[in-house]
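Inspection log for the structure reproduced underneath, given as structure tokens.
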Amino acid sequence: MFVPDNLCRLETIELLLEDDLVSTKQWKKAISKCGRIGIKNLVFNLKHNTPRKDLLELIEYSQNFNTKLIIDGVFLSRPFCEKLKEANIKHISTTLYSFLAVCHGTVSNDDSFSKIVMGIKNAIQYGLDINIDIPVCRINYKSVNATLQYLYELGVRSTNITVYMEGTAFFKNQPLDEQELIKMLEEAIPLVKSLPGLSLTFDSPSWIRELELFKLQLPTPTCKACLKRMCILSNGDVVPCSAGIAVNTVLGNIFYSSWNKIKSGYDYKAIRQHSYESPEECPFLRFSDTPKCTEQR
């Protein structure tokens, strides 16, 4: 069964702005195309890269969308935060692995801790809506509660926990299993409830079973690939999502392929159907050797 648009409409496109391969004019054409096909939300994802010179121009060009910027906190200087405020960015997200500089540095493999903390403070000072993502692995998961408390004292009110899956550190440090993740969340949730205004989400499909999340009173994270969300790489290639394990599944190119052609492709239809029928399961983890929870114990 193919899932038609009127049953579940694509809402979000993530733009992976990792380099300057695509010109400002081309990105504006891509953004306009997103508007024509009914996209409501645009996410500008810089990952850990230096912001493009035209980033603010592209954000200002996207005023008809609900915009979000995923950025390394080291770039959130006061002048840049002021410009983001003027560009009317709706949401910002950055990553902090731990409240401990040494722990953060071990996972990130750099000494960016103090700069990220200052960036978070700057964003809050300028009234920007900022969310902090805490990707967890064996190195930092025991410090989650202290990190949440630390962020709260900085003024952060929106946090998100994910399973760390980037680069060699994912395999070197070994991911957490389901029971370890559950225990971590069982300890974190009471703390979050005790801190007025603080929110916490868990956003890694396939790692914790729906029943266990229900017991924790957390919503089940769902895979929205090709169903409600897609991604455009820095060369214009359209992929199901920005996760490293998914970017090799190229569905077309925003500059050279019609949207109807992208939607009519076998991979698009298959991934969309899977996301609709099994939303709690990441289709890319499903076909990988990555350890994750299973129904059999």
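Test of understanding: what is the full-extension gain from residue 177 to residue 82, defined as 0.36 nm times their sequence separation minus their Cα-Cα distance?
Values: separation 95, 0.36 × 95 = 34.20 nm, distance 4.13 nm.
Gain in length upon complete extension: 30.1 nm.
Rounded to the nearest 0.05, what FRET efficiency do residue 258 and residue 199 have when you use their Cβ-Cβ distance and R0 = 35 Å?
Computed FRET efficiency for residue 258 and residue 199: 0.30.
Estimate the FRET efficiency between residue 215 and residue 91 by the formula 1/(1 + (r/R0)^6), using the beta-carbon distance for r and 22 Å for R0, to the nearest 0.05.
Taking R0 as 22 Å, the efficiency between residue 215 and residue 91 is 0.15.
Pull up the DSSP beta bridges for the chain and report the antiparallel fraction as a percent, rounded to 5. List each step's numbers first, then the result.
Details: 4 of 35 bridges.
Antiparallel: roughly 10 percent of the beta bridges in the chain.
Apply 1/(1 + (r/R0)^6) to the Cβ-Cβ distance of residue 36 and residue 66, taking R0 = 22 Å, and write down the FRET efficiency to the nearest 0.05. List each step's numbers first, then the result.
Details: r = 17 Å, r/R0 = 0.76.
The calculated FRET efficiency here is 0.85.
Considering only protein heavy atoms, what is the solvent-accessible area of residue 60 at a probe of 1.4 Å, reported in Å² to the nearest 10?
My reading of the accessible area for residue 60 is about 100 Å².
In whole Å, what three semi-axes, largest first, describe the equivalent ellipsoid of the chain built from its Cα gyration tensor (square root of 5 times each eigenvalue)?
In descending order the semi-axes read 29, 26, 17 Å.
To the nearest 20 Debye, how big is the dipole of the chain about its Cα centre, given +1 on the beta carbon of each Lys and Arg and -1 on that of each Asp and Glu?
In debye, rounded to 20, the chain gives about 760.
State, to one decimal in nm, how far the label point of residue 142 lies from the label point of residue 57, with both points 7 Å from Cα in the Cβ direction.
Going from the residue 142 label point to the residue 57 one covers 5.1 nm.
For labels at residue 26 and residue 109 in the simple 7 Å Cα→Cβ model, what's the distance in nm?
Inter-label distance under the simple model: 2.8 nm.
Just reorder 267, 20 by solvent-accessible area, largest first, 1.4 Å probe, all chains present.
20, 267
Given 260, 199, 283, which one lies farthest toward the positive end of the charge dipole of the chain, if we put +1 on the Cβ of every Lys and Arg and -1 on the Cβ of every Asp and Glu?
Of the candidates, 260 comes out farthest on the positive side.
Using all Cα-Cα distances in the stretch 110-242, what percent lands in each 10 angstrom bin from 0 up to the longest?
10, 35, 37, 17, 1
The values are calculated or read from the model by the stated rules, or taken from the named source; none is laboratory data. Only a predicted model underlies this, so the values are computations on that prediction, with no experimental measurement involved. FYI the Cβ positions are ideal-geometry reconstructions off the backbone, even for glycines, and counts take in every protein chain you see. We work out accessible area using only protein heavy atoms, side chains counted, and drop any ligands, DNA or RNA first. Shrake-Rupley method; radii C 1.70, N 1.55, O 1.52, S 1.80 Å.
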